[in-house]
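The values are calculated or read from the model by the stated rules, or taken from the named source; none is laboratory data. This one's a predicted model, so the numbers in the text were calculated from it and none came from an experiment. Here the Cβ is made from the backbone with ideal geometry for all residues, glycine too, and neighbour counts use every protein chain on show. With ligands, DNA and RNA removed, areas are computed over all heavy atoms of the protein, side chains included. Shrake-Rupley method; radii C 1.70, N 1.55, O 1.52, S 1.80 Å.
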Amino acid sequence: MSGAEEQMQQLRSKATELLLREEWRDSIQLYSELIDLCQSQISNTHQHSDPDHLSKVHKSLCVAFSNRAEARSKLQHFTQALNDCDQALQIEATHFKTLICKGKILLCLNRYFNALDCFKAALFDPQGNGNLDIVNQYLEKCKKLEFQSRTGSFDLSDWVLNGFRGKPLELAEYIGPVKVNKSEISGRGLFATKNIDAGTLVLVTKAIAIERGILGGQDSAENAQLVMWKNFIDKVKEAVTRCQRTQLLIDMLSTGENEAGLEVPDMSIFRPEIEENGCSNDQKLDMDKILSILDVNSLVEEAVSAKVLGKNSDFYGVGLWILVSFINHSCNPNARRLHVGDYVIVHASRDVKAGEEITFMYFDALSPLEKRVEMSLSWGFNCRCSRCKFEEAVCSKQELREIEMGLEKGVDVGGAVYRLEEGMKRWAVRGKGKGYLRASFWAAYAEVYGSDRSMKRWGRRIPAMEAVVDSVVEVMGSDERLLKVVVEGLKKSGGVVEFERAMKLGRGFYGKVIKKQALRTLLEIGINDKGY
């Protein structure tokens, strides 16, 4: 055995040992040395005319590229790992281990169609005969995710009915009929490109980074949030350092300045089929800019427009989801979001027309105007949505302020609701205007409808609960607090109409990703109670 061959064998043995011990960085270094040595051997073919020797060197080179790809993928250096896979497949086009490795990387990058090709090729490789079950599992997973990504057909029902047990669901990236455009609300926004029915998916996307923790009392909660924020920043920094594409996507987001001058990105940039442009490990990061972007665009999981499903519902979480960051606030929103694992699922909470901007509540919009103004200012903006403009005009009326102050002082809520309803008649408030004001005083309405005593006294003099709920849903979309009142009413009275109203509200709140039986479970409507 020549010195070079002995050196290659030693490097291969040591690198493989490090790989098995999951010492990824050290194994990458040794595989890089082995690759250099193999390539040097191949380039000096005049010294080694033995075809068997060259064949062995090529095989060693293929395995080295494949194993280095595996180590790099474990560190989530996906672009470099893909390059290694391609180098290995140039030497042996059907190398089983490389095809599996490449397919798994492409899955991580949400490039499902390309991943499917890799797993199909691996399925017909004789080397994989003993691993056909594993390949078939990847094929089925890939087909499912590709179908979800292409059609937006997601179903969380089994997971819900199973009590959210098991591993967090792995979902496909999905972008529905939406695009980014200039917004009259602020800077840029996300707009519907066609009519979207209530409950229909708008998008599904995984966090660039997320950090969660359990908050204690007030003092410890503040400290815990500071620690979480620091950890979150570190995770974003790591993600940006690993991949240039991630950095480019984050750089598109607003820092809160010069909103009008920001470029409107093409939607193709956000689609997972776009290939990585390489890593930027050596590029200097503008951390001041990144911190400003995170300050403006990060979302918390306990936000009023969100519903957290699964184990992470007990945690306080903060994360960054790129495309979701383009969604602006409105006090008459048309979308909600579900948090499932590291994913955010955005769906229409009421019917949305083509060309309409997709909006969330950043804070509790089931509040009177004065409180909403305070909350919007704490977020750094002054809301000028149609509801706020309408209420500014109406709220000049002294009687409306007196009703609000009376509720704060603890007056009879039934009397306050009656006074508001009578006031709306005198002020000639109709249509959406009624929904706006009822939404602002929803807490009072909910208290009346939830009290047998109040309903006995005021029930004949105020509108039926169903009429008030419908008017609020028309302008606000579905909300958990509306659902609670409707479900409690259903438990008392029953009836097919009430059941269908509760289910319709549930679809608006949870989205069509949860089907009837699972939705019934989430709403805590007894399956056998009424026989529905």
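Quick one: is residue 383 under 30 Å from residue 425 (Cβ atoms), out of contact with any Pro (no Cβ under 7 Å at 6 or more places or on another chain) and modelled with pLDDT under 90? Considered against the rule, which asks whether it is under 30 Å from residue 425 (Cβ atoms), out of contact with any Pro (no Cβ under 7 Å at 6 or more places or on another chain) and modelled with pLDDT under 90, residue 383 comes out as no. Listed conditions (1) in contact with a helix residue (DSSP H, G or I) (Cβ under 7 Å, 6 or more places away or on another chain); (2) modelled with pLDDT under 95; (3) open to solvent by less than 80 Å² (accessible area, probe 1.4 Å) are all met by residue 97, apart from (3). Scanning the range 229-247 for residues that are within 19 Å of the chain's Cα centre (by Cα) and of a type outside the set (Val, Ile, Thr) yields a total of 6. Could you say whether any residue in the range 323-335 is modelled with pLDDT under 90 and either open to solvent by 10 Å² or more (accessible area, probe 1.4 Å) or more than 28 Å from residue 179 (Cα to Cα) (or both)? No, there is no match, as no residue in the range 323-335 is modelled with pLDDT under 90 and either open to solvent by 10 Å² or more (accessible area, probe 1.4 Å) or more than 28 Å from residue 179 (Cα to Cα) (or both). What do you reckon, is residue 20 open to solvent by 80 Å² or more (accessible area, probe 1.4 Å), of a type in the set (A, V, I, L, M, F, W, C) and on the phi < 0 side of the Ramachandran plot? Yes; evaluated as a whole, the condition is true for this residue. Of everything listed in (1) over 22 Å from residue 108 (Cβ atoms); (2) loosely packed, with under 15 Cβ neighbours inside 10 Å, the single unmet condition for residue 35 is (2). The range 151-233 holds strands (runs of 3 or more DSSP E) entirely within its bounds, and those carrying 3 or more residues that are of a type outside the set (A, V, I, L, M) and closer than 19 Å to residue 318 by Cβ map to 209-213.
Scanning the range 119-135 for residues that are in contact with a Leu (Cβ under 9 Å, 6 or more places away or on another chain), assigned to a helix (DSSP H, G or I) and either at pLDDT below 90 or open to solvent by less than 10 Å² (accessible area, probe 1.4 Å) (or both) yields 119, 122, 123, 128, 132, 135.
When only residues in the range 497-515 that are β-branched (Val, Ile, Thr) and touching a Leu at 6+ places or on another chain (Cβ under 8 Å) count, which is nearest to residue 465 (Cα to Cα)? Going through the qualifying residues, I end up with 514.
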